[in-house]
Amino acid sequence: MVKYIARKMFAVLTVLFVVSFVTFFIIHLTPGDPARVMLGADASEEAVENLREQMGLNRPLPVQYVEWLGNVLRGNLGDSIFMKGSMTSIIGLRMKPTVELTVFALVIAVFIAIPTGILAARGRGRLVDQGMMAVSMLGVSVPNFLLGLLLVLLFAVKLKLFPASGYKELQEAGLLEHLRYLLLPAVSLGLMHAALLSRMTRSAVLEVLNKDYIKMAKAKGVRAFSLMFRHALRNALIPVITVIAQSFVSLLAGALVTETVFNIPGIGKLVIDSISRRDYEVVQAMVLLIAVVNVLIMFLLDILYGIIDPRIRSGK
């Protein structure tokens with residue numbers, strides 16, 4: 001087990017190093033000059049070069065990368081070029097709306113996906129199964145930003161039930177008003193993942209229902225409800241939980257677009273704005289943060305599998 005954890009830890013560190021390397025060089029090789037953006041199009045070349053020198057942008061990229069990576073390893077994510085503050089404080093301010101939106105969207109996805117997946121599996125090949133799979137295919141096909149715009153048009157513009165954009169703090173507006181501002185973006189973000197989770201739940205439940213012990217229980221006269229929820233679903237949820245954990249990271253990344261559509265002041269909108277003005281430090285820090293969350297979730301899942309599966313514990 002110790003060797004297994006060591007291998008997984010080495011893989012985690014390798015992935016993070018590759019992500020940091022690729023992210024840094026892609027961002028710095030992207031056309032555009034933050035010094036020119038800061039000074040404006042009318043600034044002289046001499047002024048731009050002086051500012052580039054002050055910001056350290058004239059040094060070779062490998063030197064800049066080594067310095068940046070060293071700061072990251074010491075817990076210093078750098079300072080924003082345009083926002084005049086440390087990345088730690090900026091991320092702390094912007095993280096709360098994004099985490100709330102992501103968790104809300106994941107809850108919506110799970111509460112839709114698990115029941116629909118079970119119903120589709122129980123009615124395999126019948127109309128309910130075909131209908132739910134058609135709806136899930138539609139949910140996968142529609143981009144979340146387009147769905148968000150459609151929801152705004154219907155529920156905010158036409159019916160005037162929810163605000164079209166913005167964000168209200170829980171302490172400022174209260175629970176109900178806070179949720180009213182989050183509901184439309186959470187639904188637009190969560191429905192696509194609900195469709196994916198529903199298909200995964202259906203496949204996992206069908207696989208378990210074909211097992212011999214389920215057939216034996218059915219032959220002994222175990223009631224359908226008990227057969228599904230006490231025997232089949234418990235074992236079918238193992239791969240589904242894995243997909244749910246992976247969906248959290250996908251939802252976190254999907255919030256980049258959703259927050260822009262609904263004007264939510266989270267890390268997604270921060271990244272989009274930073275890309276447009278070439279704020280390197282912000283983009284690097286946020287991409288690295290999302291990568292860290294992703295690999296840590298996968299690492300914890302691997303450790304969980306190692307605890308559950310005796311073949312992994314024994315090194316076989």
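Residue check: THR30 meets all listed conditions (1) more than 23 Å from the chain's Cα centre (by Cα); (2) touching a residue at least 60 places away in the same chain (Cβ under 8 Å); (3) surrounded by 17 or more Cβ atoms within 10 Å (Cβ to Cβ) but one, namely (3). Search segment 79-89 for residues being outside any loop (DSSP other than H, G, I, E, B) and out of contact with any strand residue (DSSP E or B) (no Cβ under 9 Å at 6 or more places or on another chain), and hand back the single one that is modelled with the highest pLDDT. Across segment 79-89, the extreme among qualifying residues is SER89.
The conditions of being at pLDDT 80 or above and either part of a loop (DSSP other than H, G, I, E, B) or among the basic types (Lys, Arg) (or both) are met by ILE264. The residues listed here are VAL222, VAL205; of these, the one that is farther than 22 Å from GLU100 by Cβ, outside any helix (DSSP H, G or I) and assigned by TED's automatic domain parsing to the domain that holds MET132 is VAL222.
Of the set (1) assigned to a helix (DSSP H, G or I); (2) in contact with a helix residue (DSSP H, G or I) (Cβ under 6 Å, 6 or more places away or on another chain), all apply to MET137 but (2). Annotation note: of GLY131, GLY190, GLY125, the sole residue that is free of Cβ contacts under 8 Å to residues at least 60 places away in the same chain and not in a loop (DSSP other than H, G, I, E, B) is GLY131. For ASP42, the stated conditions hold: it is outside any helix (DSSP H, G or I), acidic (Asp, Glu) and either in the same structural domain as ALA245 (by TED's automatic domain parsing) or out of contact with any strand residue (DSSP E or B) (no Cβ under 9 Å at 6 or more places or on another chain) (or both). Does segment 45-66 include one or more residues that are at pLDDT 80 or above and in contact with a helix residue (DSSP H, G or I) (Cβ under 6 Å, 6 or more places away or on another chain)? Yes, some residue in segment 45-66 is at pLDDT 80 or above and in contact with a helix residue (DSSP H, G or I) (Cβ under 6 Å, 6 or more places away or on another chain). All of LEU176, LEU197 fail the test of being surrounded by fewer than 19 Cβ atoms within 10 Å (Cβ to Cβ), at pLDDT 75 or above and in the same structural domain as LEU151 (by TED's automatic domain parsing), apart from LEU176. In the set LEU119, LEU161, only one residue is in a helix (DSSP H, G or I) and not β-branched (Val, Ile, Thr); that residue is LEU119. Looking at segment 9-22, is at least one residue out of contact with any helix residue (DSSP H, G or I) (no Cβ under 7 Å at 6 or more places or on another chain), in a loop (DSSP other than H, G, I, E, B) and assigned by TED's automatic domain parsing to the domain that holds ILE303? Checking segment 9-22: not a single residue is out of contact with any helix residue (DSSP H, G or I) (no Cβ under 7 Å at 6 or more places or on another chain), in a loop (DSSP other than H, G, I, E, B) and assigned by TED's automatic domain parsing to the domain that holds ILE303. All conditions in (1) touching a helix residue (DSSP H, G or I) at 6+ places or on another chain (Cβ under 9 Å); (2) over 22 Å from PRO115 (Cβ atoms); (3) basic (Lys, Arg) hold for LYS220, with the sole exception of (1).
For LYS96, the requirement of being of a type in the set (Lys, Arg), assigned to a helix (DSSP H, G or I) and surrounded by fewer than 19 Cβ atoms within 10 Å (Cβ to Cβ) is met. Looking across segment 164-173, just one residue is surrounded by 12 or more Cβ atoms within 10 Å (Cβ to Cβ), outside any loop (DSSP other than H, G, I, E, B) and under 26 Å from the mean Cα position of the chain (by Cα), and that is LEU170. The set of residues in segment 270-284 that are in contact (Cβ under 8 Å) with a residue 40 or more places away in the chain and either in a helix (DSSP H, G or I) or basic (Lys, Arg) (or both) comprises LEU270, SER274, ARG277, ARG278, TYR280, GLU281, VAL282, VAL283, GLN284.
The values are calculated or read from the model by the stated rules, or taken from the named source; none is laboratory data. Keep in mind it's a predicted model, so treat the numbers as computed, not measured. When we count neighbours, we look across all protein chains shown, and the Cβ atoms used for this are built from the backbone with ideal geometry, even at glycine.
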